[in-house]
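**Student:** If you scroll down you'll find the structure; I have some questions about it.
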Amino acid sequence: MKLSRIYIDFISSLKIFFRGRSSFFWVLAFPIILMLIFGAIFSGGNVQYELAVQNKDGSDISASFINAVNSTNAFKVHMVNASENADTYIKSNRISGMLIVPEGFGNDVQRNLALGASRPSTGVQVNPTTTSTTNAIALNATSLNAQASQAQSNNTNVTPAAVILKVDQSSTSAPVISGVLSSIANGFNSQLTGSTQIVGVENQQVLSSQFKYIDFFVPGIIGLTVLTTGVLGTVGTNTQYRNNGILRKLATTPLGKSEWIISKMLYQTVVILISAFLIIIVAKLVYNVTAVPNVVTLLLLFVGTICFTGIGMIIARFVKDEDAANAAASAVTFPMLFLAGTFIPLETMPDYLQTVAKFLPLTYLNYGLRDAMILGDTASALYNMMIVLIAGVIFFVIGSIITDWREGG
Amino acid sequence: MKNEAEWAIKIEGLAKEYGNIKAVDHISFKIPFGVIFAFLGPNGAGKTTTVEILECLRKPSAGTAYVLGLDITKDQNEIRKRIGVLPQEFNTFDRLTVRENLKYYATMYDNPRDIDELISSVDLMDKVNTMYKNLSGGLKQRLGVAIALVNDPQVVFLDEPTEGLDPKARRDVWGVIKKLRDEGKTVFLTTHYMEEAETLADVVAIILDGKIRAMDTTTNLIKNHGCLAKLVIHGGNTGAFEALSVQWAGTELNNSDVIVPLRDKRDLAKIVELLDQRQIAFDELEMKKPSLEDVFLDLTATDREGVS
């Protein structure tokens, strides 16, 4: 074993990597693009729904209700002149939601307030804009909060002062718009009556709830890089060099199989570190995700590389045709990516899939990376690292032994 | 470091079987130091299998072989240090330059040759910083030869070094190979080009279906297996063919030309006399020197007779 041989192969591999546009793209740019795409899909962050608002009342109460609607930032509000015909306006402007504060709304609210506390003052009446009448009946909810239904059952004399929401029921945003408006109405009720809510949801923050999807996803993307670089990279290099004769040439030199494998391991690790570094930088810049790579993270990346390089060597040994080998490598990596909770948290999957995930090394790598980088749980990260290490040593030893350069090893 | 071994390569009863197929069928021969040895045979004759056994890439099914006096089944590490190899369909790292590729292979050995000296010996000075993928076929092969020489080996194996090259590039590679003899290297060259073997080799072995059919110096082979010369009677047609084929075995009719192998110095005079006597018309006469190709065709013809 000579270090100079390992070094020259390592340096040459890096040069070859950086000079190849496609490998450069797939290994470094692709995970980042994937992260940006998934980040955009699941961020949900600042989605605003367009909402036309027509105030036919003109009282202080109606003005403050509209203020409340405005202040949620959930809607981009367009005020519509009180004299406009609502249906005509919706049709000609092709809007999906219109809120109408009817004449007398302020008076209704005050009358309800006078009738007593803990009475619902405001409700939302949903009027579909589509022609489907069944929808219209089903959704003709007048009052949507717990207080309101309680009040209704206690005292049928009280009819809430209703604002009318006209929405296109075929639109996917319809339930969201009516839901948000109902909440606003509830809040408004509480504010007016000054009552404490009888039923309410108190937001207690548990640890995981502090984290957004992207926090979960960034370590997953790094896990993806380790997996694809390890498996696809190893299979690609081995089959390509075997088929174009480079392995045969190398086998006639004193370069040993172990020197070659160690060099390739180091090379893969460096590529993965570069990739992980870029992912962390982009995650910080774009999503303000603070994924802190520590020593345990580096260990996890290294151990993961051992594991997936080993799997790659095993595939490359048995599937010698270049195209077939790449297909086999993809067949191993892609299901593993999904089943190991890279894109979707494992907890949301059916039980039997969670059981499958328990047998995949990527699951533990993903857990470990999350523990180390996001949750700061070193003990758990080390535990997961040990599992990846054990699997890794098994795959790597098998892969190293069966990799054949020359007939009979 | 010269070797105490008597022969550069010594093979005894070497065989390689793949299932029922005998790729190499118990061959034996010895190659002295400092010669260019051509292993000549058609594709699939067993050339590459033999070479790959000598390069320690394959294990023989039977027999022994020594390279520089070292046993190919026991002293593989030592052999690898002391041989140079240009594999069949040679390839190296596409995205490394000529110099980087040489540097890579130089690092594999303990005492490599000077890289610049090697580059100039194969005339690649103005391509040192060109990536391998951007070289033409001939230049790629020349880099391959330079890489095979990077450890200053005593024996160099060149497996089909000019396969797929155009005539100009082929001649350039030949020039590089001829220089190796001047440097005192032993060259083991496999080829299926007769002309290549004839131009380069001091010693030729012809392999057919895994068996050595003939081995000698190039001159002796042609002398012994071929004929003195060939007489081509252009425009001789069937008339000349019928008149001559009775007395001169191996006479051929090729379109309108009649080709007669001459085995005796007086054959030419006799033929001319016979044609004159019978007043057989022809356009012109041409004498052709026999070549390895004739030896080869002679051997394959005997093979076919043996089969039928």
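None of the figures in this text is laboratory data; all of them are computed from the coordinates on show. It should be emphasised that the depicted structure is a prediction, and the values quoted were computed from it without experimental measurement. All Cβ positions, even for glycine, are placed from backbone atoms using ideal geometry, and neighbour counts span all protein chains on display.
**Student:** Under a plain spin-label model, where a point goes 7 Å from the Cα along Cα-to-Cβ, how far apart in nm are A:LEU3 and A:ALA68?
**Tutor:** 7.3
**Student:** Per 0.36 nm of contour for each residue apart, how much would the distance between A:LYS76 and A:ILE402 grow if the chain were fully extended, relative to their Cα-Cα spacing?
**Tutor:** 111.0 nm
**Student:** Excluding A:SER171 itself, calculate the net charge of residues whose Cβ lies under 13 Å from the Cβ of A:SER171, where each Lys or Arg counts +1 and each Asp or Glu counts -1.
**Tutor:** Here the charged neighbours net out to 0.
**Student:** Using a Gaussian network for chain B with springs between C-alpha atoms less than 10 Å apart, which of these wobbles most: B:LEU149, B:LEU70, B:LEU208?
**Tutor:** The residue with the greatest mean-square fluctuation here is B:LEU70.
**Student:** 222 nm [θ] for chain B, helices only, -39500 (n - 2.57) per DSSP H run of 4+, per residue, to 500?
**Tutor:** Result for chain B, helices only: -10500 deg cm²/dmol.
**Student:** To continue, here is another question. If the only charges are +1 at each Lys and Arg Cβ and -1 at each Asp and Glu Cβ, what is the size of the charge dipole of the range B:9-217 around the Cα centre, to the nearest 20 debye?
**Tutor:** In debye, rounded to 20, the range B:9-217 gives about 240.
**Student:** Taking +1 at the Cβ of each Lys and Arg and -1 at the Cβ of each Asp and Glu, which of B:PHE93, B:PRO161, B:THR217 sits farthest along the dipole of chain B towards its positive end, judged by Cα position relative to the Cα centre?
**Tutor:** Projecting each Cα onto the dipole axis, the largest value belongs to B:PHE93.
**Student:** A further question follows. Across peptide B:89-98, what mean number of C-beta atoms from other chains lies inside 10 Å of a residue's C-beta?
**Tutor:** Mean inter-chain Cβ contacts per residue within 10 Å come to 5.
**Student:** Here is a follow-up. Over the alpha-carbon set of the protein assembly as shown, work out the extent along each principal axis and list the three values in angstrom, largest first.
**Tutor:** Between the extreme Cα coordinates on each principal axis of the protein assembly as shown lie 143, 64, 50 Å.
**Student:** How would the range B:227-289 be classified by its alpha-carbon gyration tensor: rounded, prolate or oblate, with rounded meaning a/c under 1.5 and the a/b versus b/c comparison settling the rest?
**Tutor:** Since a/c stays below 1.5, the shape of the range B:227-289 is classed as rounded.
**Student:** What ranking do A:THR333, B:THR190, B:THR130 get, fewest neighbouring Cβ atoms within 10 angstrom at the top?
**Tutor:** In order of increasing Cβ crowding within 10 Å: B:THR130, A:THR333, B:THR190.
**Student:** Would you please give the residues with an amide H less than 5 Å from that of A:ALA161, counting only those at least 5 places away or on a separate chain, with H modeled from the backbone geometry?
**Tutor:** Here the answer is A:THR122, A:GLY123, since their amide H atoms fall under 5 Å of that of A:ALA161.
**Student:** A follow-up question, please. Test of understanding: ordering A:TYR352, A:TYR7, A:TYR89 by Cβ neighbours within 10 Å, fewest first, what list do you get?
**Tutor:** Lowest to highest Cβ neighbour count: A:TYR352, A:TYR7, A:TYR89.
**Student:** Any idea what log10 I(q)/I(0) is at q = 0.25 Å⁻¹ for the range A:15-89, Debye with uniform C-alpha scatterers and no solvent?
**Tutor:** At q = 0.25 Å⁻¹ the computed log10 ratios are -1.10.
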